1. Give the residue, chosen from A:81, A:17, that is under 22 Å from residue A:203 (Cα atoms), in contact (Cβ under 8 Å) with a residue 24 or more places away in the chain and within 26 Å of the chain's Cα centre (by Cα).
2. Could you run through region B:99-118 and say how many residues are surrounded by 24 or more Cβ atoms within 10 Å (Cβ to Cβ) and either within 14 Å of chain A (Cβ to nearest Cβ) or assigned to a loop (DSSP other than H, G, I, E, B) (or both)?
3. Residue A:341: surrounded by fewer than 16 Cβ atoms within 10 Å (Cβ to Cβ) and either more than 14 Å from every other protein chain (Cβ to nearest Cβ) or under 22 Å from residue A:216 (Cα atoms) (or both), yes or no?
4. How many residues are in contact with a helix residue (DSSP H, G or I) (Cβ under 9 Å, 6 or more places away or on another chain) and in a loop (DSSP other than H, G, I, E, B) when one looks only at region B:362-402?
5. State whether one or more residues within region A:68-76 are outside any strand (DSSP E or B), modelled with pLDDT under 95 and in contact with a helix residue (DSSP H, G or I) (Cβ under 9 Å, 6 or more places away or on another chain).
6. When region B:227-258 is examined, which residues are found to be buried (at least 23 other Cβ atoms within 10 Å of the Cβ) and in a loop (DSSP other than H, G, I, E, B)?
7. Which condition number in (1) surrounded by 19 or more Cβ atoms within 10 Å (Cβ to Cβ); (2) under 30 Å from residue A:281 (Cα atoms); (3) more than 7 Å from every other protein chain (Cβ to nearest Cβ) is the one that residue B:328 fails?
C-alpha cells in the first residue's frame, strides 16, 4: 500500500481525493497496489467530508510519519508550498505538484533535492491542467531538438478572447462575465496580465532547453490592452487573437521566452482553440509539429494530472530524474529587441491619408489593410522589435493596437 | 552500449538510422549510454549508404547475436515481420515496431511473449506516426475511464478530403493528385477503403478497453463514396467531412469500434485538422477532452516515434508490461445496428416535393436543409442505424449520400 498525503483540500486537492476514490479499482489493477490517502493538510476542517478523519493542520504529522512515501502539494502560492515540498523531499518522500509558481521559482532546487535523496519530483498538473504534456515532453521528444513551443496556457484569457471575438464584446464586459462564471478571480491580474502564462512558459522552456528562466525576466504582456476594435478588425482579416506563451532557441543557443497576445492565422491549429481550452504546439526537427489540446484547468482535469504523477511514482519509485535544469543567466537570454515577427497595427488615420502605398513606404511589405472610422489596420512583413520601434517613431499617428503575428 | 538491429531499411528504417545518428549526442546524454546500430536487415544492398557495412540479409545473424538486445521492426506487412518479432522476443530481445498490421493482428501474442521473456514490446509509431499518443494513453490515462476515442488516423485520406473541400474537386481527381505527390500508393485501397484506419482504431480500442478486436470484424467504410456534391453541401452547412476511427464502450460494457466518414461541426477540434495531419481526440471521465495532433506519417516523424520507444527501453529495460489484452469475442462487440448518431443525407428530389415539412414527417427532427439541383440535403436528429434503415426503406428517393454526424 502506498500511503500518500495531500497538501491542500481546495479545488485540486479535493478533486484528487475524488479521482483516487472514484476510480480506485482501475488504479489498483494498473499499479498492482493500493493508494491510501492517509492525511490531508488544510487550515480548515471539513466535518461533512468523507475524508474528515484524514484532515490534519500540522505538516509535521505528515513529515514525521515514515509510512507516508508520497506528498501531493496542491496548496498554491510560493510559501509554505515550497518549504513543505523541500522538507518532504529531504525526508525521502516523493513529491508531486500542481503548483506552477513553485516549479517556476524553485524547480531547480527541488529537482536537485529529489535527486540527492533518491526520490522523484513530478509536476504534470502545473502546465496545461488535464493535458498530458510534461510527461510526453520528457519521454517522447528526447531524440528531437525542440525548435519552438507556442502555447495557449491560460484558460481564463482564452475564454475572454473567444467571447470578445464571437460576440464583439469589450474587454471589461467579458472580464465581468468571466468573474461571474468563476473563471476569473476577483483580482484577475495573474491571468489577464499574463503572469500565469509566464510561469508556465518558463517551465516548458526549461523542459525544452534545460535553462530555467525567472518568470520576472521574460517579456510579459497580458490582454488588458486588447480592444474590441482590434478583435473585430483581426476577425475581418481572417485571424484570431490569442494569448501565447512562446519559447525558442535562437541560432547562437540563447533562449527566448515571452508571453504576449498574438495574431494567429487559421492555418495554425492554435487559432481554433476556443473557450477555456488550452493547446501546446511543439515544433521539433524530427517529429515535426505536434499539438496537445485539452482542459487547462478545472477540478477533475487538474486532479487527473496529479493522480497520473502519483501512479507514475507508484509504478516507478526508483526511476532516475533525467532533468538537470540550470538557472538561466542574462547571457542565456535572447534579447526581445531582436525578435522577428510580422506585426498587426492599428494607427489613427483621421484624414484617411494613410493608404497601402503610404504604409508600404513606411513599413515595407504589407499583407492586409483595412481603413475604417478614422483608423488604418494592417499587417507588416517580418521585422524585429527594434526595426518596428524605429519605424513607429517616424510616424505621427497614434498606435491604437500592436499585436505580433504568429507565423 | 545498447546494440540494436533495424529490420527494414525503407522509409521508416532509414529515417530511424538518420534520427539516431543526427541527434546522437542528445540521445546519449539523455540515456547515459550509446545506441549502436549493429545490423540492418533488408533484402537489398545499399552500397552508397553510410550504413552499407551493417546490412545483412539473414535474420538469423541478428537472432543469434547475443549482443543485440533490441530489434526495431519496420518492415511492414504481416509476414515475416510477425515471425521475426516473435523470434526476437523469445530470444530475450526487446522489440519496437511501426507496424500497425502486426500489432492489430498479433498484438496479444507478442505482448504475452514479451512478458514471458522479461522484455518489452512497444509500438508508439504504429498509430499517429510522429504524434506521441500510445505512451500518453499508457501513462497518463490510468486514473480515467476512457469514454470514447475519435481519430483522424490516415493522413492520405485527410489530405484528399481537405483538397476536395478547399478546391471543390472530385474524388478521382484528388486521388490522382495524392498519388502524384506520393501520399497515396499506386494501389490505394488500404487508405481509401479505411483498412489502415481500421487497424489503428483497434489498437487504440485495445489500449482503452483491453480487448483487441480483429480489424476485419469492425464496420469499415472508406471515402470512395464521398462525392464532390456531398463535400460542397456539407461545407455550405458549415461542416467538414473527415474519415474517423471511432471507439467507445457502451453502458453494458461492450465495445464498439468502427471507421467511417463523419460530418464534423466546427466546434469539434478534429474539424480543423487539415492536409496530411492526424488528430486523436480522447474523451475521459476525469481529464475531460484531450486531443493529440501532429504528423501521422512521413519518414522522420515516424522514425522519431520509433526512436522514442528505443530510448524508453534503453532507460527502463526492466519495466513491466502493464497491457493485458484479450481477444474480443462476438459477445464483446456492440452491434453497429444500435449505434446512434445524427445523419447527413442527400436524397433525390427531382420534383422538389421534399421540403422541411415532408422530411420532418419522415425523419423527425431536422437540423438543416438545402434543396438544390434536384436533390435535398439535410441532417437528422440522433437515431440508430436500425431506425434510419427503416425510415430509408419507406422513401422512394435515391440516397446519393449518407454520412454520420460526429456530435
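The values are calculated or read from the model by the stated rules, or taken from the named source; none is laboratory data. Nothing here was measured: the structure is a model prediction, and the numbers come from that model. We place every Cβ from the backbone using ideal geometry, glycine too, and count neighbours over all the protein chains shown.
1. Result: A:81 is the single residue among A:81, A:17 that is under 22 Å from residue A:203 (Cα atoms), in contact (Cβ under 8 Å) with a residue 24 or more places away in the chain and within 26 Å of the chain's Cα centre (by Cα).
2. Summing the residues that are surrounded by 24 or more Cβ atoms within 10 Å (Cβ to Cβ) and either within 14 Å of chain A (Cβ to nearest Cβ) or assigned to a loop (DSSP other than H, G, I, E, B) (or both) in region B:99-118 gives 1.
3. Against the criterion (surrounded by fewer than 16 Cβ atoms within 10 Å (Cβ to Cβ) and either more than 14 Å from every other protein chain (Cβ to nearest Cβ) or under 22 Å from residue A:216 (Cα atoms) (or both)), residue A:341 does not qualify.
4. Number satisfying all stated conditions: 5.
5. Yes; the residues of region A:68-76 include at least one that is outside any strand (DSSP E or B), modelled with pLDDT under 95 and in contact with a helix residue (DSSP H, G or I) (Cβ under 9 Å, 6 or more places away or on another chain).
6. Residue satisfying the conditions is B:239 alone.
7. Answer for residue B:328: the failing condition is (2).
Yes or no, residue by residue, for (1) touching a residue at least 60 places away in the same chain (Cβ under 8 Å); (2) outside the structural domain of residue A:89 (by TED's automatic domain parsing); (3) closer than 23 Å to residue A:199 by Cβ; (4) out of contact with any strand residue (DSSP E or B) (no Cβ under 9 Å at 6 or more places or on another chain):
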{"position": "A:122", "(1), (2), (3), (4)": "yes, no, yes, no"}
{"position": "A:125", "(1), (2), (3), (4)": "yes, no, yes, no"}
{"position": "A:147", "(1), (2), (3), (4)": "yes, yes, yes, no"}
{"position": "A:150", "(1), (2), (3), (4)": "yes, yes, yes, no"}
{"position": "A:156", "(1), (2), (3), (4)": "yes, yes, yes, yes"}
{"position": "A:163", "(1), (2), (3), (4)": "no, yes, no, yes"}
{"position": "A:167", "(1), (2), (3), (4)": "no, yes, no, yes"}
{"position": "A:170", "(1), (2), (3), (4)": "no, yes, no, yes"}
{"position": "A:173", "(1), (2), (3), (4)": "no, yes, no, yes"}
